[in-house]
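Quick notes on the structure that follows.
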Amino acid sequence: MTINNRHKLKQARRWVVKIGSALLTANGQGLDQLAMRSWVAQMVALTQQGIELILVSSGAVAEGMVRMNITRRPDALHDLQACAAIGQMGLVQAYETHFREHGCKAAQILLTHEDLSDRQRYLNARSTLTTLIEWRVIPVINENDTVATDEIRFGDNDTLAALVANLVDAEALIILTDQEGMFDRDPRHDSAAILLPEVRAMDEGLFAMAGGGGVLGRGGMITKVRAARFAARSGCATVIASGRSDNVLQRLAAGEALGTLLLPDDDRLTARKQWLASHLQTAGRVVLDVGAVKAVTEQGRSLLPVGVKAVEGQFRRGEVVACVDESGRQIAVGLVNYSAEDSKRIIGQASDKISEILGYMSDEELMHRDNMALT
Ligand code: GLU
C-alpha cells in the first residue's frame, strides 16, 4: 500500500516557500527573471486561494558574483559578504517588480539565526511577520549576510527557512531546488537512484541518502534534511521539489505528489504545544478566575475573556502570554487572540459583547485551546 499524505498540503494554510541560489540564478547566469516571474505569479495565486505565504529567497551571493563578473565562488568570507550586499539589491528589486505586476506588495526582511534565538528579537520578528501577513504583504526573507555567515558557509538559507517556519507556525515548508526531490542515493552518480515520494523527517537513515552541496548554493540535500527536521519540531511538513516543474506550487497546493514530502512525527497540535512550552518567552500574563483555571486545566477548554480577571504587560495579538491563577502560579502559556490593550477592555465580559466593545471581533476566545500548552 502506498502511503499518501499529500492531502496534508492541501489543508495547509500557512506556507514558507524557500527558493535556492542555483535555481534562482539559472546556475550562476544572473537572476532568472522569467522563472522568478512564474514563481511570483504562482505565489500570488496561492494567496488568492487564502494561503498565507512567506518567501525565503537566497541568490544574493550568486547575483552579486554575476554583477561583479566573478566566475569562481570566492573563498574569503568578506568577499562573499560583499557579493551578498551587492546581489541583494537586484534580488529585492526583481521581487518588487514581479509582485507589483500583480498589484501585490512585498517587504524585505534580513534575519540572522541569532535574531531567532534571542527571545526579544524572536518576538519582534514574529510580530512584524504576522503584521505583514495580516496586511497581505508578502515577506521576502534572506539571511543578513553582512553580519552573519552561517548560511553563506553551510546552508543556502535552508536552516533559516525552517526557523522562519517555526517562528510563524507554518504548516508547510516548500524548498524549491534544482533537483526533483530527494533520492535514495545521489542521482548525479547513480542512474538507478529512486525519488522518495514520502519519508519521515526524523528518519536517521535520510542523512546517509543525502549527498553533498552544489557549487553555487551551499545547500545540498543534507541541509535540507536538517531543515525538514527543524520544521518538524513545530509540526510543519516539508516538501523538497523542483522549482523548474511547471506550476509546482499550484500543483503541490492541489495535493499532487511532486518531489519529496518529509513529514513530522507528531501531529501539528502536539508538536506546536511542545514548541510553545519549551521555546518561547512570554510577553505578558493574564490572571484567570477559579472557574477559568478549572475549565482550562481540567476540561481542556479554551480561555474566554469572561474568565480573566486581569491583564499584565504589553502584548499584541499572536504573542505568547502566560495564564496564571489568582495566586500567580503559571498554569499555561499560549498565543493570545487580542492585544493587551483590547484584552483589558473585554475581560470579564461575555464573548458576544466583544464586537460591541471593540468594534470588531477576531475570535470568541481570548486564547484558543489549540494554541495553549499547559505548564
Ligand atoms: N544568504 C545567501 C544568499 O542569499 C546564501 C547563499 C550562498 O551562500 O550562496 O546568497
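Bear in mind these aren't lab numbers, they're just calculated from the coordinates by the rules spelled out. Remember, it's a predicted structure, so these values are computed and weren't measured experimentally. Every residue, glycine among them, receives a Cβ derived from its backbone with ideal geometry; neighbour counts consider all protein chains shown.
The separation of the range 39-73 from the range 141-175, counted between C-alpha centres, amounts to 13 Å. Just list whichever of Lys10/Lys224; Lys8/Lys105; Lys8/Lys344; Lys8/Lys353; Lys8/Lys273 have alpha carbons separated by over 30 Å in the model shown. Among Lys10/Lys224; Lys8/Lys105; Lys8/Lys344; Lys8/Lys353; Lys8/Lys273, the Cα-Cα distance tops 30 Å for Lys8/Lys344; Lys8/Lys353.
Against the compact-protein benchmark of 2.2 N^0.38 Å, the Cα-based radius of gyration of the range 106-213 scales to 1.27. Max-minus-min Cα coordinates of the chain on each principal axis give 66, 48, 36 Å, with the largest extent listed first.
Of all DSSP-defined beta bridges confined to the chain, some 35% are antiparallel rather than parallel. Packing around the peptides 91-103, 227-239, taken as the average count of other Cβ atoms within 10 Å per residue, puts them in this order, highest first: 227-239, 91-103. Packing order of peptides 124-137, 172-185, highest average first: 172-185, 124-137 (average count of other Cβ atoms within 10 Å over each peptide's residues).
What ranking do 53-65, 76-88 get when scored by the average of other Cβ atoms within 10 Å per residue, highest first?
Taking the mean over residues of other Cβ atoms within 10 Å, the ranking is 53-65, 76-88.
All other residues whose Cβ lies under 11 angstrom from that of Ser57 are scored, Lys and Arg at +1 and Asp and Glu at -1, for a net of -2.
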